Amino acid sequence: MSLLSVKGLTLGVAESLTGGALAAEIVSVPGASATLLGGVVAYATPVKATVLGVDEALLEKYGPVHSEVAAQMATGVRKAVRVAGRPADVGISTTGIAGPDSPDGQPVGTVWIGVSRGEQVDAQAFRFDGDRSAVREQAVRAAIGVALQMLGE
């Protein structure tokens, strides 16, 4: 994520299924404090609405594992971690089903990654194999990859 530093951009991270692992991966890189403003672990569905501003009707209709939920999480975290009234330049989000069971019938391993920068918002779907730990690990790698892709690395 050194590309953020090179471009002078700040970052906010919203996590559900990854439970803080994405933020931990980012801060493992020396110099991360120059870009990462903060993160929100919105593990409970209502927190996605109350803290990140995800539309409650959307959550009620589709549940937390949905493209628009990922997009709204990525946009919402930028505001949630604002400093001196200025939101983060980039937001990354993870939402999905790590298993072992699925609460809503979607396959275990279903993951949505959202990235928001300016007016540009993208959400990409993934389907990962493996146990709970493997799904979460793959989601972290995918989130970094999607963010780098949007930033043009």
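The values are calculated or read from the model by the stated rules, or taken from the named source; none is laboratory data. Keep in mind it's a predicted model, so treat the numbers as computed, not measured. So basically every Cβ, Gly included, is an ideal-geometry build from the backbone, and we count neighbours across all protein chains shown. Protein only, heavy atoms only, side chains kept; ligands, DNA and RNA dropped before computing areas. Shrake-Rupley method; radii C 1.70, N 1.55, O 1.52, S 1.80 Å.
Accessible area per residue of the chain at 1.4 Å probe, in Å²?
Accessible area per residue, the chain: 47 Å².
How large is the charge dipole for the chain, taken about the Cα centre, if only the Cβ atoms of Lys, Arg (+1) and Asp, Glu (-1) carry charge, to the nearest 20 debye?
My answer is approximately 440 debye.
Which FRET efficiency, nearest 0.05, do K79 and S5 yield, Cβ-Cβ r, R0 25 Å?
0.70
Note down the relative contact order for the range 32-153 as a percent, whole number, built from C-alpha pairs under 8 angstrom at least six residues apart.
That works out to 20 percent.
If the chain between A34 and Q149 were fully stretched, how many nm would it gain, using 0.36 nm times the residue separation less the Cα-Cα distance?
On the way: separation 115, 0.36 × 115 = 41.40 nm, distance 2.03 nm.
Additional length available on full extension: 39.4 nm.
Across bins of 5 angstrom width beginning at 0, how are the C-alpha pair distances of the chain distributed, in whole percent?
So the P(r) values, bin by bin, are 2, 11, 21, 25, 20, 12, 6, 2, 0.
Could you tell me which of P87, V41, G76 has its Cα farthest along the dipole of the range 35-153 towards the positive end, charges placed at Cβ (Lys, Arg +1; Asp, Glu -1), taken about the Cα centre?
Of the listed residues, the answer is P87.
Under the rule a/c < 1.5 gives rounded, and otherwise a/b versus b/c splits prolate from oblate, where does the range 52-129 land using the Cα gyration tensor?
Because a/c hits 1.5 or more and a/b exceeds b/c, the range 52-129 counts as prolate.
In the range 52-150, which GluC sites (Glu not before Pro) are in a loop and have at most 13 other Cβ atoms within 10 Å, using DSSP for the loop call?
Qualifying residues, ordered by number: E119.
Under 17 Å Cα-Cα from K79, which lysines qualify once same-chain neighbours fewer than 8 residues away are excluded?
Result set, ordered by chain and number: K48.
Rounded to the nearest 0.05, what FRET efficiency do D131 and A44 have when you use their Cβ-Cβ distance and R0 = 22 Å?
Working from the Cβ atoms, E equals 0.45.
Would you compute the Debye intensity of the range 87-150 from its alpha-carbon atoms alone, equal scatterers and no solvent, and pass along log10 I(q)/I(0) at q = 0.16, 0.26, 0.28 Å⁻¹ to two decimals?
-0.51, -1.02, -1.12
Ignoring solvent entirely, what values of log10 I(q)/I(0) come out of the Debye formula for the range 1-40 at 0.19, 0.21, 0.22, 0.25 Å⁻¹ when each Cα is a single scatterer?
After summing over all Cα pairs, the log10 values are -0.49, -0.58, -0.64, -0.79.
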